[in-house]
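Trainee: Provided herewith is a single structure, encoded as structure tokens, for subsequent inquiry.
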Amino acid sequence: MNPSSKSTLALGCTIIVSLAVACGTSQSGGLAARSGASAGGGNDASTPNEGDDASIGGIGTQDPDASGSGTDGGPRPDAGSAPVCADLACLCGLAQGSWNGTTCSISENAGNLAPASQVQLATGGTGDSAFKLVYPYDGTVFAGGLPSPTLQWNGTGATTAAYVHIQAPGVDYKGYFGASNPGRAKIGQRAWDVIAVAPGPRDAVRVEVTKLAGSQVTGPALESWKMASGNLRGAIYYETYGSALVAGGVIGGGVGIMKIAPGSSQPVPIASGCGNVCHTASADGSTLVSATGFILGSQVLDLRNNGAVIRQNGDQTFVYGGLTPDGKLSMSSTNYRTWIAGTSRLFDTRTGAPVAAPGWDGVVSRAAMPSFAPDGTMIAFNHHSQGGGHTIATMNHAAATHAFSGLTTIASDSSRFLGWPAFTPDTKSVVYHAGTSPTFETCGVQTDAGVTQITYGNLFSVDLATKTVTRLDALDGYSGAGQSSYLPANDPDYNFSPTVLPVAVGGYFWVVFTSHRSYGNTLGSLDNNDENGKLWVAAIDIGAPPGRDPSHPAFYLEGQELGSNNHRGFWVLNPCKDDGNGCGTGDECCGGYCGPDANGQLACTHTKPPCSKEYDRCSTAADCCTAGSSCINGRCAMPADLR
């Protein structure tokens, strides 16, 4: 399963011509979904027992009826309205559970199972040797503010009934579900909110699933998860092909750029129609750049104003441009897919004028997929003019003078193409893609003989201080010594295009990436002849020693359309709020702090408090209220062990 052991496809996906990239015609990097493809949210419409509503009402989360609840793809986990509950006891009540002072006990009977069937399932059995959980994965780290996952399993025969038992300190959940084929069960959202909040950061969440097929009981199948103590925040902007939510496209439906917040039930189109793809977004959530038309132009969009056009260019200046964290400047990307010519230069996104970049101009001629660190102090890029697609380099960046220095190769691989570099929030590591395709993605190519050849890819991380490269095995889907896979379809080599949330949450960094892997029993591996990629999210340990895999198994990003090709998600913060606006945490505020106003309500402010709470602005760790916290990208971040 090691990609280096697989044959390199020299042509890979380079058959994607400009028209295909712009409008989506057939193959995976700019590809329309199948004609007439059904669209849906994150859950298949046929999924039984979907529980109660998709709203989230938990500690630090929002009233589902309040503004910013996320049903429109906008901000949800960090929307800033008052939380529904201030403690676990309140959450337990919303879930109709029983609270004894330390533990919330919840029993759901969505399948209306008779007591005898409940006892039969709770007793367990060994009737089906093929019974296996296929989603979520063992070892997954979840966070707060998310829709409940759909548990999925394979086995012999249709499931007549199922029992899900989840235990962790603070929660004991028992769920009884009805018939499903294939086997699936979705925990009620209110119950999931309790499960997500109750455990401590070190606590294992024990998951048991037992099924009944006819009179044959099998299980429990066992898994262990963890819950990060914090809500995922910001928004993910991604390209879609074959979407039912946008118009345009040559084959199979709409093409465009979508916005989805973790926890939202549905994405929102930001730009739609042929050619509105090939985008990047700034870390502060203010600016997005993309192609327009048949790659004849590019544009700059104002994300503070519902994606209003700031400017349009008649060339490819802003296609895949690397945006500074504030979105004011863009480093042009050249020689990606061979159709963007010229020298890579720095441009003003408001005027379109080139900006002098001492140390860069005349030093770097072709930089593909450039990406600035979230604090703006560095830039990473595929150094195409030096490595021909096989090298990732970095430079230091002085924002005040636009000067660059210290050109350094951080990763090089003569057998694989390296792309999509993304800094972690502490600017100590870069996550990137390494694969067999010169188009820097995973893709299926059908030959004249009708044989589909696959290009492969996985995600890696490089420690900038030591240049130590580590494959992200847990994220990619590998197990053991990295030579086998825990994925049910044994398909760990289909991952590309990572970006990283600019702030730490719950003691972890968070990566969103595109994969053509299977999604349980809902979507097969290389779905729709490899035309339908999907967005996945994984937790990354903070401060892992170089050489140790810091990643954890990924989870499917709920809310994206099942019937479309979704990829290249750019994870950024939501645009900040001015003083006086309601907030939940300081990272929502332009002033950097969220504190009580004259009426005792949380509001954004520039006024520095005696010490900074988690997500408040900081200069050093000494600014943070909680001892042991770190100052990461100018925000106080508590490690998982302190939560």
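Trainee: How much accessible area per residue does the stretch 236-326 have, counting only protein heavy atoms and a probe of 1.4 Å, in square angstrom?
Mentor: With the other protein chains kept in place, the stretch 236-326 gives 28 Å² per residue.
Trainee: For the stretch 530-643, which whole-number percentage of the solvent-accessible area (1.4 Å probe, protein heavy atoms only) is attributable to carbon and sulfur atoms? Walk me through the numbers on the way to the answer.
Mentor: Details: 2240 of 4230 Å².
Carbon and sulfur together cover 53 percent of it.
Trainee: Step through the residues of the stretch 185-197 one at a time and calculate ³J(HN,Hα) from phi using the Karplus curve (6.51 cos²θ - 1.76 cosθ + 1.60, θ = phi - 60°), rounding each to whole Hz and writing x for Gly and Pro.
Mentor: So the J values, rounded to whole Hz, are 8, 10, 5, x, 4, 5, 5, 5, 4, 5, 4, 6, 9.
Trainee: Ignoring ligands, DNA and RNA, what percent of the accessible area of the stretch 106-172 is carbon or sulfur (1.4 Å)?
Mentor: Carbon plus sulfur share of accessible area: 52 percent.
Trainee: Would you pull out the residues with amide H under 5 Å of Asn633's amide H, same chain only if 5 or more places away, H placed 1.01 Å from N?
Mentor: none
Trainee: Right, here's the next one. Report, to the nearest whole %, how much of the accessible area of the stretch 272-312 belongs to carbon and sulfur atoms, 1.4 Å probe, protein only.
Mentor: Carbon plus sulfur share of accessible area: 46 percent.
Trainee: Cβ neighbours within 10 Å, averaged per peptide: list 628-638, 303-313 in order, most packed at the top.
Mentor: 628-638, 303-313
Trainee: Give me the accessible area per residue for the stretch 597-643, probe 1.4 Å, as a whole number in Å². It would help to have the intermediate numbers written out before the result.
Mentor: Numbers: 2630 Å² over 47 residues.
Value for the stretch 597-643: 56 Å² per residue.
Trainee: Continuing with the same structure: Beta carbons within 10 angstrom, averaged per residue: use that to sort the peptides 277-284, 477-484, 91-98, highest first.
Mentor: So the peptides 277-284, 477-484, 91-98, ranked by packing, come out 277-284, 91-98, 477-484.
Trainee: Hey, what did the stretch 526-620 get for relative contact order, percent, Cα under 8 Å, at least 6 apart?
Mentor: Contact order relative to length: 19 percent.
Trainee: Give the share of C-alpha pairs in each 5 angstrom bin for the stretch 249-330, from 0 to the last occupied bin, in whole percents, shortest bins first.
Mentor: Computed distribution, short to long bins: 3, 16, 26, 26, 17, 9, 3, 0.
Trainee: Measuring with a 1.4 Å probe in the full set of protein chains, what accessible area per residue, in whole Å², belongs to the stretch 450-546?
Mentor: For the stretch 450-546, the per-residue accessible area is 26 Å².
Trainee: Moving on to the next point. So how do 374-387, 492-505, 114-127 stack up, highest first, on mean other-Cβ count within 10 Å? Before the final figure, lay out the partial values.
Mentor: Numbers: 374-387: 22.0, 492-505: 26.9, 114-127: 14.7.
For the peptides 374-387, 492-505, 114-127, the packing ranking is 492-505, 374-387, 114-127.
The values are calculated or read from the model by the stated rules, or taken from the named source; none is laboratory data. The structure presented is a predicted model; accordingly, all values stated were derived computationally and were not measured. For neighbour counting, all protein chains shown are included, and Cβ atoms are generated from backbone atoms with ideal geometry for every residue, glycine included. Ligands, DNA and RNA are stripped out before the accessible areas are found, and what is left, the full protein with its side chains, is counted by its heavy atoms. Shrake-Rupley method; radii C 1.70, N 1.55, O 1.52, S 1.80 Å.
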